[in-house]
1. For region 1-28 and region 166-233, compute the distance between their C-alpha centroids and round to whole Å.
2. Which one of 164, 117, 5 is farthest out on the positive end of the charge dipole of region 2-230, using unit charges on Cβ (Lys, Arg +1; Asp, Glu -1) and the Cα centre as origin?
3. Tell me, 223, 105 in order of fewest to most beta-carbon neighbours within 10 Å?
4. Please report the net charge: other residues with Cβ closer than 11 Å to the Cβ of residue 197, K and R +1, D and E -1.
5. How long, wide and thick is the chain, going by the Cα atoms along their three principal axes, in whole angstroms, largest first?
6. May I ask you to evaluate 6.51 cos²θ - 1.76 cosθ + 1.60, the Karplus curve with θ = phi - 60°, for each residue of region 106-116 and list the ³J(HN,Hα) values in order in whole Hz, giving x for glycine and proline?
7. If you count the DSSP beta bridges with both ends in region 64-202, what percent of them are antiparallel, to the nearest 5?
8. For region 5-104, run through the GluC sites (Glu not before Pro) and keep only the ones in DSSP coil with at most 14 other Cβ atoms within 10 Å of their Cβ.
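The numbers here are math on the coordinates, done by the rules we state, and not lab data. Note that the coordinates shown come from a computational prediction; the quantities given were computed from them, not determined experimentally. Cβ placement follows ideal geometry from the backbone for every residue including glycine, while neighbour counts extend to all protein chains displayed.
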Amino acid sequence: MLRLADIETGYDAGLALFGVSLEVREAEVVALLGRNGMGKTTTIRSIIGLTPPRSGTIQFNGTEIQNLPSYRIARLGIGLVPEGRQIFPTLSVRENLLCVAANSTGQNDPYTLERVFSIFPRLAERQKQYGGSLSGGEQQMLAIARALMINPSLLLLDEATEGLAPLICLEIWQGLEILKKRGLSILVIDKDIESLLDISDRTYIMEKGRIVWTGDSHGDNLTTDLKMRYLGV
């Protein structure tokens, strides 16, 4: 579904990504791991067109998208849950969701208010509240639900549960498990390594702007030594 080949992306005169290659298959959850500052968010920004790559190719469902603007990439079926949530604070929960609602890819069973409320019942209870009045965890649920309302076939999730209370984290992981069972492809970044490995099918690890390891998320592939070398503080 998604394939990055030899992507190099930079800011000003310097590079942040050096020949990054990865793929996300249909109905697959892929984890992107690494310490802070290793290029994970830049990878997400490169895919969605916010920081276009300087070289390499990005294909989505067979179409090269590395030179397209972000709004056209979104219309092709890629939804973004950005780091920091970035919900609309002066709109209600309901308005946050309805203002982006679309089905440009023609999904047969599209996400609606009722469907996203069934995944995150807290949002149904707070649908008349302003986005800015929600807790951090509720805002994250809203950011995920908002991305679903464009009916993507691929969801990019940058920092799924960072800084949230354990109970809220559990609700978000349960919501992502529902999306996985429904066949949505997801590329997700998070610091909760164990929860992320539980839900993902495959894992990529980044170090200094490069992919240094990839493999199955389960079993004994991702050893304690690898975790300490590339993910330990």
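1. Between the Cα centres of region 1-28 and region 166-233 lies a distance of 18 Å.
2. 117
3. The fewest-first ordering by Cβ neighbours comes to 223, 105.
4. Working: positive: 202, 227; negative: 190, 192, 194, 198, 201, 216.
Computed value for this residue: -4.
5. 45, 38, 34
6. Result, rounded to whole Hz: x, 4, 6, 10, x, 6, 10, 3, 4, 5, 6.
7. Bridges in region 64-202 are about 10 percent antiparallel.
8. Answer by residue number: 26.
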